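Student: Handing you a structure now.
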Amino acid sequence: MSAFVTLSSGQRMPVIGLGTWKSAPGQVKQAVLAALDCGYRHIDCAAAYGNEREVGEALAVWVGPGKALRREEVFVTSKLWNTKHDPGDVEEACRTSLAHLGLSYLDLYLMHWPMAFQRGTELMPKREDGSICYSNTHYRDTWMAMESLVDKGLVKAIGLSNFNARQTDDIISIARHKPVVNQVECHPYLSQTEILSHCRSAAVCVTAYSPLGSGDRPWATSDEPRLLEDPRLGAIAQRYQKSPAQVILSRLYCEWNLSVLYHRWHVQRGVVSIPKSVTPSRIQQNLEVFDFSLSPEDIDLIESFNRNTRFIVPTVEREGKRVWRDAEHPHFPFN
Ligand code: A2P
């Protein structure tokens, strides 16, 4: 069982979803099956993850006429990749994700990044020197093309991913269909206070990707801090007889005389989390976060772990140093 947030579109989105980035083909179907089996009703996908067909195979087992779940009982998100920002490419990209997932509509379609790459079928179009080929397409034009997907009924709502506060406002200022979500990296080492309060005041729900610190990111190096191994988190977890992952994902359901939903850490702040796992026991564990509540002191303690560490920014080697790959792009969000 999960809890829900209500998006500005009126849709109810489960506060815990299964992340599928890095879930290898050959593993992701079993992961989605395990998730649906233990009660997940929210699956987070993207064209760029290269595994939507397999996610679709799992959804087909569970969802649809004559199956255990009706389509409207599962919240499915996908994302438009950077090479598909040209307004003429947006609908086809969305239809491809729908075909791979075996669905007639998405609950949510996000623009994966504000930067546009050169059009084409290559995920990462590159020059000979290895640098990315960008395109001049502005994310505002891409957004307007995404709005017509809502008009056509291909998606219930649209949103953003990796947009900063200024870019989010920029979209809101021109939107016919407002962004309902901004999905950003968020975990105790990157508490994202600024974008969270900005989005909250604009009624944009924040989804935390890599909520567990993404220890399996391909470019992880041994000298980087490993969130789930932080002994301070371990000590808190021990006090509650829970795992560090559960502490991060936990929230409290508190009944006053009125029924009041209290969220803790991610959830307390109205943040939806999409922990990735391909391990059935962990998938289950990550949903078992609704039966305990962190004390306000422990919430403050977790807040103090913030070190503004971004794990998920593509980097390249330049003059012997690792630097952010897209930092010179005019729409790079983190400068
Ligand atoms: P695995 O997929 O092998 O189970 P994030 O969601 O931040 O990207 O983190 C994903 C990483 O965290 C993966 O390596 C995943 O491993 C691992 N993970 C997911 N859930 C748990 C958990 N409950 N305990 C420990 N590690 C977990």
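The values are calculated or read from the model by the stated rules, or taken from the named source; none is laboratory data. Computed from a predicted structure; not experimentally measured. Note: ideal-geometry Cβ built from the backbone for every residue, glycine included; neighbour counts use all protein chains shown. Only protein heavy atoms, including side chains, enter the accessible area calculation; ligands, DNA and RNA are left aside. Shrake-Rupley method; radii C 1.70, N 1.55, O 1.52, S 1.80 Å.
Student: Express the relative contact order of the range 84-233 as a whole percentage, based on alpha carbon pairs under 8 Å and six or more residues apart in sequence.
Tutor: Numbers: 199 pairs, mean separation 29.3, N = 150.
Relative contact order for the range 84-233 comes out at 20 percent.
Student: Is any residue of the range 83-106 close enough, with backbone N under 18 Å, to a label point placed 7 angstrom from the Cα of GLU57 along the Cα-Cβ axis, and if so, which?
Tutor: Backbone N within reach: 97-103.
Student: If you don't mind, another one. Whole number please: convex hull volume per residue, Cα atoms of the chain, in Å³. Display every interim value, and only then the final one.
Tutor: Details: hull volume 47.6 nm³, N = 335.
Cα-based convex hull of the chain, divided per residue, equals 142 Å³.
Student: Counting only protein chains, not ligands or nucleic acids, how are CYS38, CYS199 ordered by accessible area (probe 1.4 Å), most first?
Tutor: On the way: CYS38 40, CYS199 0 Å².
So, going from the largest accessible area down, we get CYS38, CYS199.
Student: Next question. When we measure straight from the Cα of LYS321, which lysines land under 27 angstrom away, once same-chain ones fewer than 8 places off are left out?
Tutor: Cα-Cα hits under 27 Å: LYS22, LYS126.
Student: Around ASP216, what is the net charge, scoring Lys/Arg as +1 and Asp/Glu as -1 over all other residues with Cβ under 9 Å from its Cβ? It would help to have the intermediate numbers written out before the result.
Tutor: Details: positive: LYS22, ARG217, LYS276; negative: none.
Once positives and negatives cancel, what remains is +3.
Student: Still on this model: Taking a virtual spin label 7 Å from the Cα of GLU319 along the C-beta vector, which residues in the range 112-135 bring their backbone nitrogen under 19 Å of it?
Tutor: 129-132
Student: Which whole-number percent gives the relative contact order of the chain, counting Cα pairs below 8 Å spaced six or more residues apart?
Tutor: Details: 616 pairs, mean separation 58.1, N = 335.
It rounds to 17 percent for the chain.
Student: Right, here's the next one. Given an 8 Å cut-off on Cα distances and at least 6 residues of separation, report the relative contact order of the range 1-129 as a percent. Mind dumping the intermediate values first?
Tutor: Values: 197 pairs, mean separation 27.9, N = 129.
Value for the range 1-129: 22 percent.
Student: When all protein chains stay in place, what accessible area (Å², nearest 10, 1.4 Å probe) is found for MET124?
Tutor: Rounded to the nearest 10, that gives 60 Å².
Student: Here is a further query. Ratio to report: Rg/Rh of the range 42-163, with Cα atoms as the point set and Rh obtained by the Kirkwood method; give two decimals.
Tutor: 1.01
Student: I want to check the label-to-label distance for ASP141 and GLU303. Put each point 7 Å from Cα in the C-beta direction and report it in nm to one decimal.
Tutor: 4.3 nm
Student: Treating the range 98-177 as a set of equal point scatterers at the Cα positions, no solvent, please give the Debye-formula log₁₀ I(q)/I(0) at q = 0.13, 0.20, 0.27 Å⁻¹.
Tutor: Cα-only, vacuum Debye calculation for the range 98-177: -0.49, -0.99, -1.28.
Student: Taking the convex hull of the Cα atoms, report for the range 175-256 its projected area averaged over all directions, in nm².
Tutor: Averaging across all directions leaves 8.3 nm² for the Cα convex hull.
Student: Please report, largest first and rounded to whole Å, the three semi-axes of the ellipsoid equivalent to the range 6-87, where each semi-axis is the square root of five times an eigenvalue of the C-alpha gyration tensor.
Tutor: Details: eigenvalues 83, 64, 28 Å².
Semi-axes (√(5λ), whole Å): 20, 18, 12.
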